[in-house]
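Next up is a structure, given as structure tokens.
Here, each number is a calculation from the coordinates, and none is a lab measurement. What you see is a predicted model, and the numbers here were worked out from it, not measured in a lab. No Cβ is skipped: glycine too gets one built from the backbone with ideal geometry, and neighbour counts run over all protein chains shown.
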Amino acid sequence: MIAFCAFVRKEIVELIRNKRLIILLAIFTIFAILGPLTAVLTPWILETMSDLLESSGVTVNGITITVLDSWTQYYKNLPILLIVFVLMFAGLFTKEYARGTFELIISKGMSRNKIYFAKMLTVLGTWTICYIAYFLISLAYNVSLWDNRVAQHWGIAAFLYWIFGVYVIIGMVSVSGFSASVSGVLIGTGVFAVMPELIGILPKITKYMPTQLTSGILILTGSIKPNDRIESIVVTAILCFVAGGIGAKGFSKKQL
Amino acid sequence: MGAMIVVEHLKKSFGQKDVLKDVTFSVPEGSLMGFVGRNGAGKTTTMKALLGLYKVDGGKMFINGEPVTYGNTVTNRFIGYLSDVPQFYDFYTSREYLYFCGEISGMKKANLRDRVEEILDLVGLSREQKRIGTFSRGMKQRLGIAQALLNRPKLLICDEPTSALDPLGRKEVLKLMSEVRNETTILFSTHILSDVERICDRLAVLNDGIIVMSDTVANIKKSRSMGKMVVELKNSFDIPIMMKHYPEASLLDESKVILSAPGQEERAQILSFLVEQHLDYEKIYVSEWNLEDLFMEVIAKK
């Protein structure tokens, strides 16, 4: 356990000293402000452009912005943030493979599983911190600018997207256990994240797919209830365990 | 005294290339063994196999009596490893890195602080406060030795630790290795043969995936000082004539032939042969024991 904690600490020190954590927090914060700001500015933008729009035959009047518009922006931004996050961590293992830094660590008798899960824990922790910051800042603006009571189960809806993020990140770590190149990690993660969406085209299995966790706005508007996502949560959890395990197995057998 | 390393019939291929064909050797506890071979002979592959970093195709390896397994290699708890260009986490200082190494090696915190300071003193980095990313190659090599020795390993594996260093850095590293040889068994790969002559008590020569010689330096010296005569021919096309008459001879390079000549009589016979065959020569001399010649000889025999 001491070795595991030491490796987690090393990962955290690295995140701080190479400024990756602060950069990610800055990006998540900017996007958290951008969501409500876009919602606030939408009427003004449309009013400014009304003459232009009228000449095109579009009449703009009586636009009312609610907290749901801001939450919609919140969910629209999340795929971008998740992609940025994956891009920032795609070299998590590959950099160490390329530089040979794992050799000295493993030659000290540290188990590969500990390295793998320490890295996974640190990335998931970073995702959680960034996500909480993004959520709390958005929530603070939404509560202060609009009547947030209109949005139903906003906490659960946000939590479900966090789970989807965990799913994608575990996929990325798992692929990193095998792939020696950043491009391989990105392609593998992309396939892992998008595959459920493709499989979910079949109507009978749609509700089981992890991508269902991203439709938070449907929960906010009351179109669906949080309970409707239980199947998806269970499948996502199973996939996370399976992918995590396969990645650990791959890393334990990887030639360094 | 038991064997710290036992390697039996080790085989390893990369694609179609058989790097290790049948490697067998052992390193007794407490010895400092030089592991030599030309570039690409398979020294690093053997060492990485011993560290469980490469999956081997056949054979067995034991460290301190325990079998070496690929992947999660528990025998690594006995080993300190130093590569030719060790790679560290650049964002750490040397002190922080050694603490990290101590923790992942399972050292007790109470001992770790003192040991880190002791080992930093030994390698001359105790006053260094900068991050590793700013270190010179020599400083990194010294830090490499420090991390390898930190938990007082039973076995130190050094893969060409001096090859990337200038003469001063080389001297420092060899001095450090000499200083710790009483505490640990050392397997030291290199292609700088004078380094082996300077500090090693045993020698193994790896060539073309096979150990062609493995013994104590004393025994090798004894057997080799029986007398060798080196004939440096003027014309390389005379070499086949020499080799035909002396099939046991070996080539040192394209013009030098080494012949066994333990006594005056054998030496006289060689001289007579040269005269009879009208073979022009540049030099003829009785060879003193020299590791470089020996290396060339055993490599050439293959």
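Using +1 at the Cβ of each Lys and Arg and -1 at the Cβ of each Asp and Glu in the protein assembly as shown, identify which of B:LEU168, B:SER26, A:GLY125 lies farthest towards the dipole's positive end.
Towards the positive end, the residue furthest out is A:GLY125.
Sorted from fewest to most neighbouring beta carbons within 10 Å, what does the list A:VAL150, A:VAL235 look like?
A:VAL150, A:VAL235
Further, regarding this structure: For a quick check, take a GNM of chain A with Cα springs below 10 Å and name the residue from A:ILE199, A:ILE63, A:ILE230 with the largest mean-square fluctuation.
Fluctuation is largest for A:ILE63.
Also, quick follow-up: Per residue of A:107-118, count partner chain C-beta atoms within 10 Å of its C-beta, then hand back the mean as an integer.
Neighbouring Cβ atoms belonging to other protein chains average 6 per residue here.
Using each residue's phi in the stretch B:263-270, evaluate 6.51 cos²θ - 1.76 cosθ + 1.60 at θ = phi - 60° and report the 3J(HN,Hα) Karplus result to the nearest Hz, with x for Gly and Pro.
Running phi through 6.51 cos²θ - 1.76 cosθ + 1.60 with θ = phi - 60° gives x, 4, 4, 5, 5, 5, 4, 5 Hz.
A further question follows. What percent of all Cα-Cα pairs in the stretch B:3-220 falls in each 5 Å bin, counting up from 0?
Spelled out bin by bin, the stretch B:3-220 gives 1, 7, 15, 19, 20, 16, 12, 6, 3, 0, 0 percent.
Rank A:ALA39, A:GLN73, A:ILE106 by how far each Cα sits towards the positive end of the charge dipole of chain A (+1 on Lys, Arg Cβ; -1 on Asp, Glu Cβ) and give me just the farthest.
It is A:ILE106, whose Cα lies furthest towards the positive end.
What whole-number distance in Å separates the alpha-carbon centres of the stretch B:6-85 and the stretch A:74-140?
With the stretch B:6-85 and the stretch A:74-140 each reduced to a Cα centre, they are spaced 33 Å.
How high is the relative contact order of the stretch B:3-220, given as a whole-number percent (alpha carbon pairs under 8 Å, six or more residues apart)?
30 percent
Still on this structure, I have one more. Quick one: among B:ILE192, B:ILE241, B:ILE210, which has the greatest mean-square fluctuation in a GNM of chain B with alpha-carbon springs under 10 angstrom?
Maximum fluctuation in the GNM of chain B, among the listed residues, is at B:ILE241.
If you count, for each residue, the other Cβ atoms within 10 Å and average over each peptide, how do A:248-255, B:140-147 line up from highest to lowest?
The packing order, highest mean first, is B:140-147, A:248-255.
Same structure again: Mind sorting B:SER260, A:SER176 by how few other Cβ atoms lie within 10 Å of their own Cβ, fewest first?
Lowest count first: B:SER260, A:SER176.
Hey, which lysines would be in cross-link range of B:LYS228, C-alpha to C-alpha under 23 Å, not counting anything within fewer than 8 residues on its own chain?
B:LYS244, B:LYS256, B:LYS283, B:LYS301, B:LYS302
Right, here's the next one. For each of A:ILE187, B:ILE119, count neighbouring Cβ atoms within 10 Å of the residue's Cβ, then give the residues from fewest to most.
Starting with the residue having the fewest Cβ neighbours, the order is A:ILE187, B:ILE119.
From other protein chains only, count the Cβ atoms within 10 Å of every residue's Cβ in A:5-16, then give the mean.
3
Where a Cα-Cα gap under 23 Å defines reach, which lysines qualify for A:LYS225, not counting those fewer than 8 residues away within the same chain?
A:LYS76, A:LYS204, A:LYS207
If I build a Gaussian network model for chain A, linking alpha-carbon pairs within less than 10 angstrom, which residue out of A:ILE233, A:ILE45, A:ILE169 has the largest mean-square fluctuation?
A:ILE45
Tabulate in residue order the Karplus-calculated ³J(HN,Hα) for the stretch A:198-209, using 6.51 cos²θ - 1.76 cosθ + 1.60 with θ = phi - 60°, rounded to whole Hz; enter x for Gly and Pro.
6, 5, x, 4, 5, x, 5, 10, 3, 5, 8, 7
Starting from one equal scatterer on each C-alpha and no solvent at all, send me the Debye-based log10 I(q)/I(0) for the protein assembly as shown at q = 0.09, 0.10, 0.12, 0.13 Å⁻¹, two decimals.
For the protein assembly as shown at q = 0.09, 0.10, 0.12, 0.13 Å⁻¹, log10 I(q)/I(0) is -0.81, -0.92, -1.13, -1.24.
Can you give the average number of partner chain beta-carbon atoms within 10 Å of each beta-carbon in peptide B:100-113, as a whole number?
For this peptide, the per-residue mean of nearby foreign Cβ atoms is 4.
Classify the stretch B:118-177 from the C-alpha gyration tensor, please: rounded if a/c falls under 1.5, else prolate or oblate depending on whether a/b exceeds b/c.
oblate
So how tilted is helix B:137-149 from the main axis of chain B? Cα-based, degrees 0 to 90, rounded to 10.
The answer is roughly 70 degrees.
Tell me which lysines have Cα within less than 18 Å of A:LYS254's Cα, excluding those fewer than 8 residues away on the same chain?
A:LYS95, A:LYS108, A:LYS114, A:LYS119, B:LYS12, B:LYS48, B:LYS55
Kirkwood Rh over Cα pairs of chain A into Stokes-Einstein at 4 °C, 1.567 mPa s: D in µm²/s?
D = 64 µm²/s.
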